[in-house]
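Okay, structure first, notes after.
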Amino acid sequence: MARAAEQKPSPILDAMRQIREDAASYRGIWSWITTVDHKRIGIMYGVTALGFFLLGGIEALLIRLQLSTPNARVLDPDQYNRIFTMHGTTMIFLVVMPLSAAFFNLITPLMIGARDVAFPRLNAFSYWVFLAGGIFMNASFFTGGNILHGELGAPDAGWFGYAPLTLNRFSPGEGVDFWALGLQILGIASMASGFNFIVTILNMRAPGMTLFRMPLFVWMTLVTSFLIVFAMPVITVALFELLFDRLFDANFFNVAKGGTPLLWQHMFWLFGHPEVYILILPAMGIVSEVLPTFARKPLFGYPFVVFSGIAIAFMSWGVWAHHMFTTGLGAIANSAFGVSTILIAIPTGVKIFNWLATLWGGSISLKTPLYFAIGFIAMFTIGGLTGVTHSIVPSDYQQQDTYYVVAHFHQVLFGGAIFGLFAGIYYWYPKFTGRMLYEGLGQVQFWLMFIGFNLTFQPMMILGLLGMPRRIYSYPQGQGWDAWNLVATVGAFLIATSVLIFIINVIATARRKERAEADPWDGRTLEWSLPSPVPAYNFAKIPTVHALDDFWHQKYAEDESGRPVPVAAGGSGEEEPEVDVHGIHMPSPSFFPLITALGLPIIATGLIYDPAIVAVGAAVLVVGIYGWALEPASE
Amino acid sequence: MQHSPALETNTGVDNRKLLMWLFLASECLFFGSLIGAYLLYRDKNVTGPYPKDLFDIPFTSVSAFILLMSSVTMVLALAAVQRGDQRGLRIWLLTTAFMGILFVSGQAFEFTEFHRQGLSLSTNMFGTTFFVLTGFHGAHVTVGILILLSLFVMAWRGRLTQAESLHVELAGLYWHFVDIVWIVIFTLVYLIQP
Amino acid sequence: MTLAEFRGIRPATGEGAGHAAAPVHRQGAHPGPAEYVKIGLTLAVITAVEVAVYYIDALSDVLVPILMVLSALKFSLVVMWFMHLKFDNRMFSTFFVGGLMLVAALFVVVLATLRGALV
């Protein structure tokens, strides 16, 4: 109050205040731009990530077209390198990670009985920085000349950016600068998100929700967030080292002055291996939620699944050099990392067996989320097994840099992560939109995607073992590769068709008259106790939790044979009439997360083109930070 | 009487304090990686100048000492705000910031001096790893100085009372962290030479 | 607003307060300004010793271990007392020490593979 008296009236501040008040009513574009609501942020993450999925998918189709026949001329070598670099970078950093973040945002606060995350503005900041980073990185396409003539400026050194290829001498032009700076920006988004979810999960659980009464998805969010906050600083340093070499003539990877490219590889994979677990653990969390619901049985061996997730996270730090077996580290290093890589299959196997045991004896409801979840288990098992073949060092000498590796990581990232994420989309769609996706179209999408996926990537295992190298823009006839490549391309277009079916499903669903109920799947976790869509304040009354799967126990008791029997007063969606929701104060919307986020791509642009622009970006950043710090969290 | 936000959390610690400790844990990975690169390349210089040619240990010892003592003044600032001593808070905050400025000035002098004697980012591995490691550290100190000065202004305007002492505590955690990174760098880079 | 209001918990009632943990403080009395100054003087002395050892040629063979021990001591004093880690929730120690141990272990391996002869 004293503050208001001191301030002189300012038209800009008044206008901003007016916009914020309007935004608090959740209407209009400003309400999205200034939102700090985890559900809206989650939706923005999801929609943006799916947009990038289409972009990365088009890049994939271009790759497959170029490789469909020997000596094709769809893309020239330069274009091919840029397209495959952006395909990988996009799918990892702009699709799978943000889709996981979308679910962290949408689901975690609801599952722990909270009204929002610990730092709502930081949450919004994470999203805007992600969007800024994605746009910044893709803007590089336009910097190579006339894009309509096929002159692309995008980075072309692979998603893994190995030095010395990425140094100025071999990668002149700005592509690699856009890549490195873009990843720095995206790293900031991930870290902010990681910190936010750790604090949220540790500090904001509903009364009675001990750590071992948390849903498994929340556990995976927690574990993934720890991996993010410890792994991302390492790639941050690596990227700074690369940028210093490129922009300021440093010698981190300059062999002539005493540097070594192996430092890049170590740094990259020190980050990169935990990163792949960052990519898969959230999807595993989703599967661990979907299976029990559609088997109407609790997750089998919940503590083991939790401890396996934790074990995977710890062990993920001990395997990185399995990406470097062929670099001459020596027999001792190779053996040690070979053994550690074999061992990390164990906790993964534990999860798989617990999932199977969850389904066994359950009352199975074959709906689209379950199809994707079972597809995950099958595909991830195959992918994981190919990973174990990589762990045998002499075998890896044959597989390294061949299509066998490409098959492996697509098996786990597409057959695993993407399938898991689609399971989550179909499962939680009604909770946030109030409508169920069409089941028939969902199953068509699943089967097309499943068949397409297998047609695309299983041949690559054969191609790899037949010796087809990675990262080649074309191949000669007569290697025995032609037929399998063509099959793979057909498969890719089947995948594309399945994605089209998904889009059709989304559009058609938007026009559905029937509204989804609060608990359409007869779920086990707290989000299903809320109306669909969820009100702004989430819970009218914060629940007190007495057990794991507390909501299920509110609905069902067990009879003598252990079968669920509905309890009279259990259920969802009804608000107790006495609770006055008007007394619930939610955090106010804010401009400053977006303003602060904008500073980052401006600084990055300045570092590539003009130091004066760096100063502008820094000023925007500082204004954003001070505005944020001085603004009250709510009014 | 306003209850402490920390009491409403599952762990009993304030969200913001937990955030700061997580951030500092991640910064261990950041600085650890930079130090790792320095140690890796320590004896890989193809040409000079070498550390022994350039280092002025007495000078750097003084600036290291100043930074170390600034941690004392920082914690005295925290003690002051926690017991309601606004004047003490302002004095110790300003002193800490001033000592930080002295440190950064010493760094700037050292950088210019080394550059004058032929060391740049591109000269050799020492130039690359030294400037990047100590440069990032200096940037962190600079951010810390800005935070301290901002807190000083807040205190000046009466907005940093006992109830807001968490802000000083969090700034202190950051400041001490930056100091302990220098403890490591001073020993590993300056005192233990190849 | 307070976190309590944010979460819709009124602190005086049983709904939330009873289930939240009280702030955890481990050791007894908190240090006061006098203790902090004493620690500051200790730090100053250790630094002086470090610099002295650097210049004493007779000790040059044991220079590295001595310096490592002395800096570790300074590091611990600042972390445990000034950063209050000794007295605060054990979680903080877990995260911070965990980060330190992790980066140290990783770079010991990196340096071993890149510098040592690992056959």
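The values are calculated or read from the model by the stated rules, or taken from the named source; none is laboratory data. In this text the structure is predicted, and so the values were computed from the model without any measurement. Neighbour counts run over all protein chains shown; Cβ positions are idealised from the backbone, glycine included. Side chains included, ligands, DNA and RNA excluded: accessible areas come from the protein's heavy atoms. Shrake-Rupley method; radii C 1.70, N 1.55, O 1.52, S 1.80 Å.
Criterion applied to B:Thr123, B:Thr128, B:Thr134 was being open to solvent by less than 40 Å² (accessible area, probe 1.4 Å) and within 17 Å of the chain's Cα centre (by Cα), and the one residue passing it is B:Thr134. Taking (1) facing chain C (nearest Cβ under 8 Å); (2) open to solvent by less than 10 Å² (accessible area, probe 1.4 Å); (3) in a helix (DSSP H, G or I) in turn, B:Gly12 satisfies each apart from (3).
Quick check: anything in region B:12-25 touching a Pro at 6+ places or on another chain (Cβ under 9 Å) and in contact (Cβ under 8 Å) with a residue 12 or more places away in the chain? Yes, region B:12-25 has at least one match.
Of the residues that make up region A:260-281, is at least one outside the structural domain of A:Phe93 (by TED's automatic domain parsing), open to solvent by 10 Å² or more (accessible area, probe 1.4 Å), closer than 30 Å to A:Ala604 by Cα and without any contact (Cβ under 8 Å) to a residue 24 or more places away in the chain? Checking region A:260-281: at least one residue is outside the structural domain of A:Phe93 (by TED's automatic domain parsing), open to solvent by 10 Å² or more (accessible area, probe 1.4 Å), closer than 30 Å to A:Ala604 by Cα and without any contact (Cβ under 8 Å) to a residue 24 or more places away in the chain.
Summed over region C:72-119, residues that are without any contact (Cβ under 8 Å) to a residue 40 or more places away in the chain, at the interface with another protein chain (Cβ under 7 Å from one of its Cβ atoms) and not in a helix (DSSP H, G or I) total 3.
Looking at B:Arg87, is it without any contact (Cβ under 8 Å) to a residue 12 or more places away in the chain, basic (Lys, Arg) and out of contact with any Gly (no Cβ under 6 Å at 6 or more places or on another chain)? Answer is yes for this residue. Of these, A:Gln398, A:Gln411, A:Gln445, which one is part of a helix (DSSP H, G or I), open to solvent by less than 10 Å² (accessible area, probe 1.4 Å) and under 27 Å from A:Thr69 (Cα atoms)? Within the list A:Gln398, A:Gln411, A:Gln445, the selection yields A:Gln411. For region B:137-151, the count of residues that are within 14 Å of chain C (Cβ to nearest Cβ), touching a helix residue (DSSP H, G or I) at 6+ places or on another chain (Cβ under 9 Å) and open to solvent by 30 Å² or more (accessible area, probe 1.4 Å) is zero.
Annotation: of all residues in region B:40-68 being surrounded by 20 or more Cβ atoms within 10 Å (Cβ to Cβ) and of a type in the set (A, V, I, L, M), the one that is farthest from C:Leu85 (Cα to Cα) is B:Leu40. The residues on offer are A:Ser335, A:Ser365, A:Ser288, and the sole one that is polar (S, T, N, Q) and either under 21 Å from A:Leu548 (Cα atoms) or in contact with a Pro (Cβ under 8 Å, 6 or more places away or on another chain) (or both) is A:Ser288. Scanning region C:79-97 for residues that are open to solvent by 30 Å² or more (accessible area, probe 1.4 Å) and not hydroxyl-bearing (Ser, Thr, Tyr) gives C:Met80, C:Trp81, C:Lys86, C:Arg90, C:Met91, C:Val97. Residue-level check: of (1) within 30 Å of A:His585 (Cβ to Cβ); (2) open to solvent by 20 Å² or more (accessible area, probe 1.4 Å); (3) not small (Gly, Ala, Ser), A:Ile504 misses just (1).
Select from region A:414-442 the residues that are charged (D, E, K, R) and open to solvent by 10 Å² or more (accessible area, probe 1.4 Å) and write down the one among them that is farthest from A:Ser529 (Cα to Cα). The selected residue is A:Glu439.
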